[in-house]
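Enquirer: Below is one structure. I have some questions about it.
Here, each number is a calculation from the coordinates, and none is a lab measurement. Bear in mind the structure is a predicted one, so any value in this text is a computation, not a measurement. Reconstructed Cβ throughout: ideal geometry from the backbone, glycine too, with neighbour counts over all protein chains shown.
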Amino acid sequence: MLPFHIRPDQAVQDMLEFNKKLGDGLKVLSDIGDIEVGVTPKEAVYQEDKLVLYRYKPLVDNPSPIPTLVIYALVNRPYMVDLQANRSLVRNLLEVGQDVYLIDWGYPDMADRFLSLDDYINGYIHRCVKTLCKRYGIEKINIIGICQGGCMSLCYSALHPNKVKNLVTMVTPVDFKTPDNLLSHWAQKIDVDLLVDTLGNVPGEFLNWLFLSLKPLRLTGQKYLDMVDSLDNKEATKNFLRMEKWIFDSPDQAGEAFRQFAKDFFQKNALFTQKLTIGDKKIDLKNITMPVLNIYATQDHIVPPDSSKALKTLIPSSTDYTELSFHGGHIGIYVSGRAQREIPSAIGKWLDARRKS
């Protein structure tokens, strides 16, 4: 017996209302036009291969004299941190007086298949940091590392501590084998060498559907049904489509770098066990003596909180270490209204307090 009674007349009425919403929504969709993302004004200050280093136009008269470099993951496009004017981590950092730069990794092609993590960390990132140091006449800059970009930022800071004044990590995995890490459980069984040797670069679409399958009902079905209720609202529909554009704008991954990250970070958990090497150098997180702000999301299904919080156990006890929890998920930490109110101001205050240290 069903736990509830479905009235046929009510079911018919619900279906008619649903169809009407779809019909009205098609009119809205036909008038939407182009979906713009990455809206904060910026200029390219350095380019190399596919990489572009951008500086965002300051929004205060006297921004911080120490630039802040945002290092995003390789997996998705970095405009998630500048999705739209009222959903922009970058814009809010600018409003609290930070001088913000960002690395756009571009779209790797088969010419990039042999790029290694050493090329990304000791090559691209290091040259971007040196560019900023020269530009400002200083020895150290601030770094904000996001997700996989946070992992690379940790490695860079451990290898080049003399170049990093303050380090902020956001939803950054450190222990890749916490019991609640579903993505890691799946990664353990993948034949990474066969995958990379067969494909060369790993298709972004493949990884995109892997992430969506972590919450298949919610991310591949329910959200589209929920969208119907807001189709009559042009701005709400634009917000939804911006997110969809970002989700499905997934660059391919340089094969060798993917191989190293999947095997060393996920399968071997080498960052957490202190057995990771980049190039020919061992990554020793005890070298991270600069101040660290570690921000994690309490409802993150991709990077569980315990995975991020493990960082505290690996860096020196004398390090100025601060944890900041955000009540939300992996994406909400950038785009939710609460995140806009809480996260950028917290980062700005934390950086400003350590400007002269």
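Enquirer: Indicate the gyration tensor shape class of the range 86-134 (rounded, prolate or oblate), computed on the Cα atoms with a ≥ b ≥ c the square roots of the eigenvalues: a/c under 1.5 is rounded; otherwise a/b larger than b/c is prolate and the rest oblate.
Expert: Working: a/c = 4.00, a/b = 1.74, b/c = 2.30.
Here the range 86-134 falls in the oblate category.
Enquirer: Where in the chain lies the longest segment free of trypsin sites (Lys or Arg not before Pro) that are both loop residues by DSSP (not H, G, I, E, B) and have at most 12 other Cβ atoms within 10 Å? Provide the component values of the computation, followed by the final result.
Expert: Values: sites that count: Lys189, Lys275, Arg355, Lys356.
Value returned for the longest uninterrupted segment is 1-188.
Enquirer: Quick one: which residues, 5 or more positions from Lys42 or on another chain, have an amide H under 5 Å from its amide H? H modelled 1.01 Å from N in the peptide plane, none for Pro or chain starts.
Expert: Lys57
Enquirer: Turning to a different aspect of this structure: How large is ³J(HN,Hα), in whole Hz, for each residue of the range 160-175 in order, when computed from phi with the Karplus curve 6.51 cos²θ - 1.76 cosθ + 1.60 and θ = phi - 60°, using x for Gly and Pro?
Expert: Those phi angles translate into 10, x, 6, 10, 10, 7, 9, 10, 10, 10, 10, 5, 9, x, 10, 8 Hz.
Enquirer: With a length cut of 20 Å (Cα positions projected on each helix's long axis) and a Kyte-Doolittle mean of at least -1.0, go through the chain and give me the DSSP H helices that pass.
Expert: Numbers: long enough: 8-30 (33 Å, -0.40); 234-248 (21 Å, -0.71); 337-353 (25 Å, -0.55).
Helices meeting the criterion: 8-30, 234-248, 337-353.
Enquirer: What does the helix-only formula give at 222 nm for the chain: each DSSP H stretch with n ≥ 4 adding -39500 (n - 2.57), the total divided by the residues, and the result rounded to the nearest 500 deg cm²/dmol? Mind showing how you got there, number by number?
Expert: Values: 13 runs with 129 residues, N = 357.
Dividing the helical sum by the residues of the chain leaves -10500 deg cm²/dmol.
Enquirer: Using a ≥ b ≥ c from the Cα gyration tensor of the range 91-219 (square roots of the eigenvalues), is it rounded, prolate or oblate, where a/c under 1.5 gives rounded and otherwise the larger of a/b and b/c decides, a/b for prolate? All intermediate terms of the calculation are to be shown ahead of the outcome.
Expert: Working: a/c = 2.02, a/b = 1.57, b/c = 1.28.
It comes out prolate by the Cα gyration axes.
Enquirer: Take the residue pairs Lys50/Lys238; Lys130/Lys349; Lys130/Lys356; Lys57/Lys281; Lys281/Lys349 and return only those whose Cα atoms are more than 32 Å apart. Write out the running numbers ahead of the final one.
Expert: Details: Lys50/Lys238 29 Å; Lys130/Lys349 25 Å; Lys130/Lys356 20 Å; Lys57/Lys281 37 Å; Lys281/Lys349 34 Å.
Among Lys50/Lys238; Lys130/Lys349; Lys130/Lys356; Lys57/Lys281; Lys281/Lys349, the Cα-Cα distance tops 32 Å for Lys57/Lys281; Lys281/Lys349.
Enquirer: For the chain, which longest stretch is free of loop sites, where a loop site is one of the GluC sites (Glu not before Pro) that DSSP puts outside H, G, I, E and B and that has at most 14 other Cβ atoms within 10 Å?
Expert: Details: sites that count: Glu36, Glu139.
Longest stretch, sites excluded: 140-357.
Enquirer: While we're looking at this one, here's another question. Let a ≥ b ≥ c be the square roots of the eigenvalues of the Cα gyration tensor of the range 42-353; is it rounded (a/c under 1.5), or, if not, prolate (a/b larger than b/c) or oblate?
Expert: Working: a/c = 1.35, a/b = 1.05, b/c = 1.28.
It comes out rounded by the Cα gyration axes.
Enquirer: Something else about it: Modelled label-to-label distance, Leu210 and Lys312, 7 Å Cα→beta-carbon offset: nm?
Expert: Taking the two extended label points, one gets 3.0 nm.
Enquirer: Still on this structure: Tell me which residues come under 5 Å, amide H to amide H, from Gln253 once H is placed; ignore anything under 5 positions away on its chain.
Expert: Val202, Gly204
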